[in-house]
Structures are given as structure tokens and as C-alpha cells.
Amino acid sequence: MSMVAAFYSNKSILITGATGFLGKVLMEKLFRTSPQLKVIYILIRPKAGQTLQERVFQILNSKLFEKVKEICPNVHEKIRPISADLNQSDLAISKEDMQELLSGTNIVFHCAATVRFDAHLREAVQLNVIATQKLLLMASQMSKLEAFIHISTAFSNCNLKRIDEVIYPCPVEPRKIIDSMEWLDDAIIDEITPKLIGDRPNTYTYTKALGEMVIHQESGNLNVAIIRPSIVGASWQEPFPGWIDNINGPSGLIIASGKGFLRSLRATPMAIADVIPVDTVVNLTIAVGWYTAVHRPKSTLIYHSTSGNLNPCLWHDMGLKVLAAFEKIPFERAFRRPYVDFTTNNFTTQYWNAVSHWAPAIIYDFYLRLTGRKPRMLKLMNRLLRTISMLEYFINHSWEWSTNNTEMLLSELSPEDQRVSMEVRQPSHANHWLEYIENYVLGIKKYLLKEDLAGIPKAKEHLRRLRNIHYLFNTALFLIVWRLLIARSQTARNVWFLIMTCPLRQEPKSPARR
Ligand SMILES: CCCCCCCCCCCCCCCCCCCCCCCC(=O)SCCNC(=O)CCNC(=O)[C@H](O)C(C)(C)COP(=O)(O)OP(=O)(O)OC[C@H]1O[C@@H](n2cnc3c(N)ncnc32)[C@H](O)[C@@H]1OP(=O)(O)O
Ligand SMILES: NC(=O)C1=CN([C@@H]2O[C@H](COP(=O)(O)OP(=O)(O)OC[C@H]3O[C@@H](n4cnc5c(N)ncnc54)[C@H](OP(=O)(O)O)[C@@H]3O)[C@@H](O)[C@H]2O)C=CC1
């Protein structure tokens, strides 16, 4: 067993956000590599008519946990779901549960957050700032606590171009923001939100920065560390390549392009696509937990989990790799053939939106109406365009993140631990990104779209049909436009005449040339 894995044996671990994308992969890896750990407490809320136990059952029954169940057959006994709602002022944890957590927990991994870019400021402050503050308070009363690891985002300071592993000051103190949320009404909050978030694009990045500041100011004597991942994508290797189970980040847009809805995207082709595989983030998080508990650094260390500085891939190249992957692994029942134009200014964006998004949607809705069905494509397109407008900021900027602490930590690991934590750094993988993107697309097809791989030949046939329709449609359109021009314009008629007579006039020259 590796040094880091051995550290977690017999430990009681508390994870928030364990039902989320990152939290589940973290829990899986902990169980798989440290099956001797004592217990994982997960703070979890009943949701969509499911009890806590049903939610846990669903997680354990997913493909993600197949390996774990072989290695650690009693895994269900080691998960202790604790009913909690981080939106409630007391976190809604019962007295008995609280007692157990305070007396037993050794390590806290705080992953829960609202990651929505359009969250109301009050909601985002509640979860990303106040809940963090409450957890810190709770952690300060944990008698056996060795480390508190907070998951933030590399974009918490996305208003800067170069970002170091430090906490940057916020213009308005988090405490003042927290206080004001108590007495300001929603209308006033709406009015001041743009002023507060300043040159950040949304409430998410703003409140994640406030959350870091709260950690900085209120962690007291706790052993605290902050992880800042960039855009978290499907798994690279562990527990198997391509694991993905939500549409956040690039995944939703990959689906939209693979299904042929997304045909143009305002993006800066030469900007760096700082995608980081979820297992790389999780490996770093687990190593940081070990380092923080064992080495007890004097100050709060921040670790960037990014790919751009080590193994950069540009959006242009990533886009081409995604399109290439669709050739091998097409999605079923595509609306149009996958093809995406990157646009770079307002005019071309609006033009391609009209031509490639709205026009086909209107034509399709007209067809649906004609055939007695309910039109839906325009609504879907408008939602997609709204989503794109929320994500655009991140595909049109590049950042430079320093990774000194991450490098330092990797150098402290044993060779065995280094091997599992350094996947993204390996330049020896010439086709690293291509292989990663192919597995990502395959993962989306299998785990998100739940499409059967046996349907790939049929999907390819469907795309061939769409291509033929596309050619036919373009030829017909050209002929109609041309015919109309010829009927109305003398110049067009002259050009047409010239074209038609050109080869005939050249004919007598041919024998002479021979
Ligand atoms: C030469 C060039 C060739 C080019 C080829 C190109 C090929 C194409 C490849 C494209 C790849 C490029 C991908 C770029 C992606 C960049 C992402 C950057 C992300 C930055 C991450 C920052 C890191 C973090 O710290 S936070 C974690 C990430 N958080 C998120 O991603 C949350 C974003 N989502 C939201 O905030 C909301 O969902 C919102 C506001 C977008 C929509 O909210 P709404 O209330 O309208 O409804 P929802 O119920 O949430 O969803 C409605 C609807 O939208 C669909 N949807 C949701 N999210 C996405 C998404 N990310 N992409 C696409 N679609 C999405 C969802 O499915 C729903 O659809 P329905 O049809 O209604 O079911
Ligand atoms: N995904 C990404 O690209 C990136 C993510 N991050 C950070 O990583 C962390 C995890 O993100 P990710 O896993 O993607 O996010 P998800 O949206 O997948 O998961 C969020 C988790 O938080 C939980 N949660 C939300 N509200 C509450 C609440 N009121 N009470 C209790 N639990 C709650 C959710 O529980 P429930 O299932 O009940 O909703 C879920 O488990 C976040 O801190 C995020 O900021 C950072 C950079 C990039």
C-alpha cells in the first residue's frame, strides 16, 4: 500500500458534496485505495422523493463503484449518511449526528457548492460562503481533526490573468456581504450584484473567492488547505477512462455538438482549454489531505490543479479532437452532422446563430407542426444559446496559474504515490489529449446519454444520410437562388451565358496545343 493510501487506514473522513461529480470520485478512490479506512461520513440532503439510504444505494450501484465493491465488499457499512442541508443556518444536522461528527472526524473534504453560473447572489453566498463558515466552526470543535481540505476553483480570481497560489483580497469583506444578505431584499441584491462581482463573470466565481477569504480569516488553528481545480472533465484513468455523470463544463457542449444542435461557438481558438481530468483532481486532493495532516504547514497552502502550464491544449485543437472523436463514436439520432465553427466577433456570431441555429430550428418546428406534432426545436435552441452565453467567458480567455505548491507536494510523494498523481504531467503521451477526448466522448455516450455501443454503425449510417440531405439541400438552394437571379438580373444572365459558352470557345484551341 502506498504511503498516502496507508495514511487513510482507520481514519474517519467527512465529505460534503459526496453526491456530486467530484465528491463521488473522491469517495470511490478513498475506498478503493484505502479499504481499511474506518468510515466516510457524508453530509447529504433528501432529494426528489429519495431517502438518504436510497441516494447512497444509487451511488453504490453505479458503474463508478463496481471495482470498489470487489475490493471492499462491505463498503455500504463504511458509508454513514448524515442528513444535512447546508442551506440551513444550523446545517440541519441532528444533535446526535453532530456529536458523532465532532468526536470522530479526522479529515474533512468540503466539496459541496452551488456551481451554477446564474445562481442568485443570496443563494450562492449561502452555500459557497456561509456554509463554508459554518463548517469551519464545526471543524474547530472536532477533537480529532487533522486536516480540513476546501475545494475551490481556479477561476475564483478569473478577473486576473496570472494567478498565484495565494488568497487575493476581496474589495468588500465577506462578513459584510454575509451580514447584508440578512437584511437586503432580493430586488436590492439584484441591483448591487453587478457592482459586487465587478469584472468577474458570475456569482459563482465571486462567491468562491469569498469562500476562500472566509477560510483564510476564520480557520484559526486548523490545518487547512485549498484546492483550485480548473475545468473538471471526465476521468483520465481511474477507476476507468471516461467516467462522467453530469453535463457541467464542457460535457453539455460536447453533447450539443455531437447531436448536431451546436453549430457555431464564440470562442478564441488560441486560448488554452484548461481542462483537468476528475481523477487527477481527486489524486491531488487525497495527497493534500495526507500532506496537510502529516506535515502541518504553518500557513494555509493553496494548490492549483490545472493542465495549461504543463500540458496545454488550445480550444481550437480540443475542438478538432472532439470532432474527430465523433467520427469514430457518433451519437445516436443526431439532428444535424456534427460540425462547429468558432466565431470571434459579434457580427459573425449573430450571423451564424441566425443561419446555423435559429433557421434550422424554425424549419424543423414548421415540419413538426405540419406533421401534427408540438414544435420544440426553437425553445431548445434558445436554451442552448443561453447556456453558451454563460460559458463563453471561459472559452475566450486564457489564464496562467502558478503551481509551485502542487510541484512541491508531488516532490514529497513516494515514487508510487507520484505515479498515480501525475498523469496530466506526462509529456511522453504524444496522443495524451486525443486519447483523453476519445474516452471522454465515449464516456458521455455510455454514462450520460446511456446509448448502446452496438448502435454505432446505425448512428454512422444516420450521419451519412444527413450528409447526403445536406448536399442535396445546398444544391437545391443554389439552383433556386441562381434561377431567381437569372430571371431578374441581366448581369447574372450575361455571367451565365459566359460560363456556358466558355468551354465551346476554347475548343478550337485544344488541337493546336496538343
Ligand atoms: C475549428 C474548430 C472546431 C470546433 C469544434 C468544436 C467541437 C465542440 C466541442 C465543444 C467543447 C467546448 C466546450 C467549452 C466549454 C467551456 C466550459 C467552461 C466551464 C468553466 C468551468 C468553470 C469551472 C468551475 O469552477 S464550475 C463547474 C462548472 N459549472 C457549470 O458548468 C455550470 C454551468 N451551468 C449553469 O450554470 C446552468 O446550468 C445554466 C445557467 C447554464 C442553465 O441553467 P437553466 O436554469 O437554464 O437550466 P438547467 O436546468 O441547469 O439546464 C437547462 C438546459 O441547459 C442544458 N445545460 C445545462 N448546462 C449545460 C452545459 N454546460 N452545456 C450544455 N447544455 C447545458 C441542460 O441540459 C438543460 O437542457 P434541457 O434540454 O432543458 O434538458
Ligand atoms: N465541476 C467543475 O468543473 C469544477 C468544480 N469545482 C468545485 O468542485 C466542487 C465540487 O463540484 P462538482 O462536484 O462539480 O459539483 P456538483 O454540482 O456535481 O456537486 C455539488 C454537490 O454539493 C451538494 N450540495 C449542494 N447544495 C447542497 C446543500 N444545500 N446541502 C448539502 N449539499 C449540497 C450537492 O448535493 P445534491 O446532490 O443534494 O444536490 C452535490 O453533492 C465544488 O466546490 C466546485 O466549486 C471547481 C472547479 C471546477
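Some observations on this one:
- For the chain, the dipole from Cβ point charges (+1 on Lys and Arg, -1 on Asp and Glu) about the Cα centre works out to 2940 debye, to the nearest 20.
- Rg and Dmax of region 151-253, based on Cα coordinates, read 16.4, 48 Å.
- Built amide H within the under 5 Å cut-off of Ser264, gap 5+: Asp341
- Rounded if a/c under 1.5, otherwise prolate or oblate - region 285-440, Cα gyration tensor axes: prolate
- At R0 = 45 Å, FRET efficiency that the Cβ-Cβ distance of Arg373 and Lys47 yields, to 0.05: 0.85
- Across the chain the C-alpha pair distances fall into 10 Å bins from zero in the proportions 3, 16, 25, 24, 15, 7, 4, 3, 2, 0, 0 percent.
- Remark on region 153-192: Rg and Dmax equal 13.5, 36 Å (Cα only).
- Cβ-derived FRET efficiency at R0 35 Å, Leu320 paired with His120, nearest 0.05: 0.40
- Histogrammed with a bin width of 10 Å, the alpha carbon distances of region 287-364 distribute as 13, 24, 25, 15, 15, 8, 1 percent, first bin at zero.
- Within straight-line reach of Lys450, meaning a Cα separation under 21 Å, sit the following lysines at least 8 residues removed in sequence or on another chain: Lys24, Lys63, Lys67, Lys259, Lys328, Lys458, Lys460.
- Relative protection proxy for 67-76, 185-194, from highest mean packing down: 67-76, 185-194 (other beta-carbon atoms within 10 angstrom).
- Here the peptides 367-378, 21-32 are ranked by packing, the mean other Cβ count within 10 Å, and the order with the highest first is 21-32, 367-378.
- Net charge of neighbours whose Cβ lies under 13 Å from the Cβ of Phe342, counting Lys and Arg as +1 and Asp and Glu as -1: -1
- The chain: antiparallel DSSP beta bridges as a percent of all, rounded to 5: 5 percent
- Under the shape rule built on the C-alpha gyration tensor, where the axes satisfy a ≥ b ≥ c, region 1-58 is prolate, since a/c reaches at least 1.5 and a/b is greater than b/c.
- Global geometry of region 1-108, whether rounded, prolate or oblate, following the gyration tensor of its Cα atoms and the 1.5 cut on a/c: oblate
- Counting Lys and Arg as +1 and Asp and Glu as -1 over every other residue whose Cβ lies under 13 Å from the Cβ of Leu448, the net charge comes to +2.
- With K and R counted +1 and D and E -1, the other residues having a Cβ less than 11 Å from that of Gln217 yield a net charge of -2.
- Coupling constants for region 323-330 follow from the phi torsions by the Karplus curve (6.51 cos²θ - 1.76 cosθ + 1.60, θ = phi - 60°), and in residue order they are 5, 5, 5, 5, 4, 7, 10, x Hz; glycine and proline get x.
Read-outs throughout are calculated quantities, based only on the coordinates presented, and are distinct from any laboratory measurement. Quick caveat, the model's predicted, so the values are computed rather than measured. When we count neighbours, we look across all protein chains shown, and the Cβ atoms used for this are built from the backbone with ideal geometry, even at glycine.
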